[in-house]
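Read the structure below first, then the notes.
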Amino acid sequence: MSFSTTLIAWNRVGVVFIGLILGGCAGAPLLHDSSKEPPLISVPAMGDAARDKSVRFRDIFCAVLESRKETIPDYRHCNTALANTNPNPPAQEKPVHLGIARHPLKLVFVPGLGWDCFSDWINAGKTAQEHLRQYGFDMVVLDTDGLADVKINATIIRDSILALPYETPYANIVLVGYSKGAIDALQAVVDYPEIHHRLAAVVSLAGVVGGSPLANDATDNQVNLMRYFPGAKCEPAGEGALQSLKPAVRQRWLAENPLPDRLLYYSLITLPEPDRISILLRSSYTKLSQVDTRNDGQLIFYDQFIPGSFLLGYLNADHWAAAVPIARHHGLVDALFLEHNAFPREAMLEALMRMIDEEKEHTSVTDPL
């Protein structure tokens with residue numbers, strides 16, 4: 001068998017392997033009927049219109065996309081990169097600053113479940129870091145434990161933040177948690193107040209803040225299968241990793257752990273059109289649709305929202321497209337299984353950082369006391 005044929009075979013194994021673990025098998029109930037679970041009440045995610053920043057984020061994202069369309073990967077027009085939640089968005093109110101950042105902010109990215117199991121195969125590279133650094137921002141990706149309990153990763157986040165150089169007289173870290181990384185980040189914020197003076201903002205990017213009904217139908221053994229992916233470097237999952245993703249556990253945690261109110265929180269939600277769901281996520285999308293069709297293949301839209309946070313907007317991207325650039329390095333995988341994985345992530349992250357940069361012009365909430 002030639003090298004290229006072997007590589008193609010491994011690629012096929014890879015996507016099927018991921019799909020079996022994260023996609024689940026359709027048919028079983030997603031919500032368990034149990035008198036032992038706490039009563040849950042669904043409330044509107046946005047109770048305060050003043051906390052909806054989606055109009056301004058759209059302005060910034062659209063401006064970045066059009067300005068960088070000749071240089072960024074996976075360019076897509078703004079009208080298709082963002083979900084069409086408002087068919088008649090208001091006109092842009094003020095210009096968007098597209099030059100060097102006014103504040104040297106650092107994006108600290110907390111990856112999701114199993115990231116280190118697949119990181120070599122995904123080969124995310126450093127295109128996002130290189131892109132942001134052109135404009136005076138910085139970015140680091142934390143080496144959290146992809147299969148660890150949130151408490152373990154919260155400690156890693158705390159230690160990593162305190163180890164970063166403190167080069168500004170104000171809070172300059174934008175802590176972005178993707179998928180499970182969002183709840184790891186929130187745990188760190190609650191457990192370790194000594195990092196608060198470093199944080200300019202805490203962001204959920206497709207974060208599993210309210211849990212995922214898919215977790216109710218999964219097992220620790222299934223999660224541990226990620227360790228056997230070719231080239232995986234992750235450690236065995238503890239009992240708490242999967243447990244922490246269950247809706248009842250997340251809702252209880254949110255009720256018992258009020259977030260520090262001196263910090264700024266933002267939510268960037270994935271809400272793809274059904275035809276933007278890649279093949280590998282369609283099974284889990286269909287399964288979640290038993291609860292709500294407004295899901296990204298892994299999470300329902302309202303479960304991605306940090307309570308009390310500012311809503312930045314809705315990305316027209318499935319759960320993996322928002323942050324995992326698989327298709328850029330595995331063309332056959334893209335064609336066969338992840339045909340909608342392409343997304344202008346660099347522009348999205350730049351828009352996020354420019355939004356925070358602009359917000360810092362108007363508030364000093366996160367400056368040291």
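The values are calculated or read from the model by the stated rules, or taken from the named source; none is laboratory data. What you see is a predicted model, and the numbers here were worked out from it, not measured in a lab. Virtual Cβ from ideal backbone geometry, glycine too; neighbours counted across all protein chains shown.
Key figures
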read-out	value
Long-range neighbours under 8 Å by Cβ, at least six apart or interchain, first residue closer than 23 Å to SER54 by Cβ within region 197-218, second β-branched (Val, Ile, Thr) and assigned to a loop (DSSP other than H, G, I, E, B)	LEU199/THR366; ALA200/THR366; ALA201/THR366; VAL202/ILE306; SER204/ILE306; GLY207/ILE306; VAL209/ILE306
Filter result for the condition that a residue is under 17 Å from VAL110 (Cβ atoms), surrounded by fewer than 23 Cβ atoms within 10 Å (Cβ to Cβ), out of contact with any helix residue (DSSP H, G or I) (no Cβ under 6 Å at 6 or more places or on another chain) and modelled with pLDDT under 95, over GLY240, GLY308	GLY240
Matching entry among GLN187, GLN251 (being buried (at least 20 other Cβ atoms within 10 Å of the Cβ), within 21 Å of the chain's Cα centre (by Cα) and part of a helix (DSSP H, G or I))	GLN187
Test: VAL150 is surrounded by 20 or more Cβ atoms within 10 Å (Cβ to Cβ) and in contact with a Ser or Thr (Cβ under 8 Å, 6 or more places away or on another chain)	yes
Residue within region 257-272 that is within 19 Å of ILE152 (Cβ to Cβ) and surrounded by fewer than 23 Cβ atoms within 10 Å (Cβ to Cβ) present	yes
First in region 280-308 and within 15 Å of ILE269 (Cβ to Cβ) and of a type in the set (D, E, K, R), second anywhere and modelled with pLDDT of 95 or more and in a helix (DSSP H, G or I), Cβ under 6 Å, 6 or more apart	ARG294/PHE301
Failed criterion for ALA83 (all others in (1) crowded, with 17+ Cβ neighbours inside 10 Å; (2) closer than 21 Å to GLU359 by Cβ; (3) in contact with a strand residue (DSSP E or B) (Cβ under 7 Å, 6 or more places away or on another chain) hold)	(2)
Check on ASP159, touching a strand residue (DSSP E or B) at 6+ places or on another chain (Cβ under 6 Å), more than 23 Å from PHE57 (Cβ to Cβ) and in a helix (DSSP H, G or I)	no
Considering residues of region 267-305 that are in contact with a helix residue (DSSP H, G or I) (Cβ under 7 Å, 6 or more places away or on another chain) and among the small types (Gly, Ala, Ser) only, the residue nearest to TYR178 (Cα to Cα)	SER267
Residue check, VAL203 assigned to a helix (DSSP H, G or I), at pLDDT 95 or above, closer than 18 Å to PRO111 by Cβ and of a type outside the set (Gly, Ala, Ser)	no
